[in-house]
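S.K.: Take a look at this one; I'll ask things after.
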Amino acid sequence: MRAGVKPSRRLGLDLASVRLVLAIAEHRSLRRTATAIGMSEAALSHRLRALEDALTVSLFHRSSIGVEPTKAGAAFFEEAREALRVLDLAVINAAATSRGAAGKLTLGLTTSLSTGRLRTALSGYAEEHPEVDLQFVEGDRFRMVEGISSRAIDIAVLHGAPDDKLGEPLLLWHERLHVLVAQGHPLSGCSEVQWSDLEEETLLVAAQSVGAEAAKLLAGRMGRHGRRPATRSHSISRETVLSMVGMGLGLTLMIESALGSLPQGVVAIPFAGGDQALVPLTAYRDPSNDNPPLRRFWSFLKRGYVDPARVAEACDTDRRALAKARSEAMNRASIGATSLAGSVDVPVSRASTSA
């Protein structure tokens, strides 16, 4: 800010009048300017005088052949053009942000983006909305949920079935679980692995990856037979876990999207077992978060990245469960009604005898 200039004295400036005097400076004539913008010359002259009074400077030298900017006017016009350019850009950016076409979108991740549908989804959204600043936060499940609650994270993609307690959920798709072993491990030549194949193995778990959720899944499968996997949890990255696997220090579990480019000497083998080896991915948001890019990204996911078969299956399961509950309730009501009817004492008429 220039010394001696008080902003409060400039707040009453009429931006429309500023644009008018810039037009006059371009045409170098009040008459030509009035004709170009469709305004009377008298009205244009009045607006010019009012602006000069507000600025307390003369902007033009007037003559019979037209007008020429004064020294003060030339300086004002140069900076006014830049100010209006910045203001116009701010208006455009604000409108783009309100449409979700610009702004910032922060995503929380517990899985890798090395490959898979999540990577494809984010690439597609970035291509459609290049003005949106995509930012990523990695961490464990607790950090993701806390970030959504505090608005530090707009949307988080977590492993596991939808849970309303974590935020507004959107079931996306399911990915097959894989076990990663070192080349030469007894399992490395298998086309598929069974849960029981890992009974005697040491499972390496990276705290900020799908490994933690996968370890719970594995424990649940093996726990049915009274066994639990030996796990070692580390606060390390995906790359470090893969290096440890390659060194023969244990196995690890990953879903398809985390496989990507594996280091030499590490083999990925899918689990057998159909749906029991599938891990759901669910997106979460705070429904009161009105960030426009978030709304657009949420709609983008629903439009092209929700597994319709899985959603329909989940809806069918809910409908079957509701129908079963209603049927059981009706049966209980019917049994209760029959029991009550059988317990009522029905009076019997008897012929009276006279003494």
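S.K.: Inside segment 64-175, counting only strands (runs of 3 or more DSSP E) that do not spill past its ends, which hold 3 or more residues that are of a type in the set (A, V, I, L, M, F, W, C)?
M.R.: 103-109, 132-138, 155-159
S.K.: Do you know which residues across segment 36-57 are surrounded by fewer than 14 Cβ atoms within 10 Å (Cβ to Cβ) and either not in a helix (DSSP H, G or I) or not basic (Lys, Arg) (or both)?
M.R.: Of everything in segment 36-57, those that are surrounded by fewer than 14 Cβ atoms within 10 Å (Cβ to Cβ) and either not in a helix (DSSP H, G or I) or not basic (Lys, Arg) (or both) turn out to be ALA36, ILE37, GLY38, SER40, ALA42, ALA43, HIS46, ALA50, ASP53, THR56.
S.K.: Another one. For segment 236-268, give me each residue that is open to solvent by 10 Å² or more (accessible area, probe 1.4 Å) and hydroxyl-bearing (Ser, Thr, Tyr).
M.R.: Result: SER237, THR240, SER243, SER261.
S.K.: How many residues, within segment 225-279, are over 23 Å from ARG117 (Cα atoms), part of a strand (DSSP E or B) and either among the aliphatic types (A, V, I, L, M) or modelled with pLDDT of 90 or more (or both)?
M.R.: Here the count works out to 2.
S.K.: Mind listing whichever residues of segment 153-184 are out of contact with any Asp or Glu (no Cβ under 9 Å at 6 or more places or on another chain), closer than 19 Å to LEU262 by Cα and open to solvent by 20 Å² or more (accessible area, probe 1.4 Å)?
M.R.: Within segment 153-184, GLN183, GLY184 meet the criteria.
S.K.: Please count how many residues of segment 115-132 are of a type in the set (D, E, K, R) and either open to solvent by less than 10 Å² (accessible area, probe 1.4 Å) or under 22 Å from LEU259 (Cβ atoms) (or both).
M.R.: Counting residues in segment 115-132 that are of a type in the set (D, E, K, R) and either open to solvent by less than 10 Å² (accessible area, probe 1.4 Å) or under 22 Å from LEU259 (Cβ atoms) (or both) gives 2.
The values are calculated or read from the model by the stated rules, or taken from the named source; none is laboratory data. The structure presented is a predicted model; accordingly, all values stated were derived computationally and were not measured. Every residue, glycine as well, gets a Cβ built from its backbone with ideal geometry; the counts of neighbours run over all protein chains shown. In case anyone asks, the SASA skips ligands and DNA or RNA and just uses the protein heavy atoms, side chains included. Shrake-Rupley method; radii C 1.70, N 1.55, O 1.52, S 1.80 Å.
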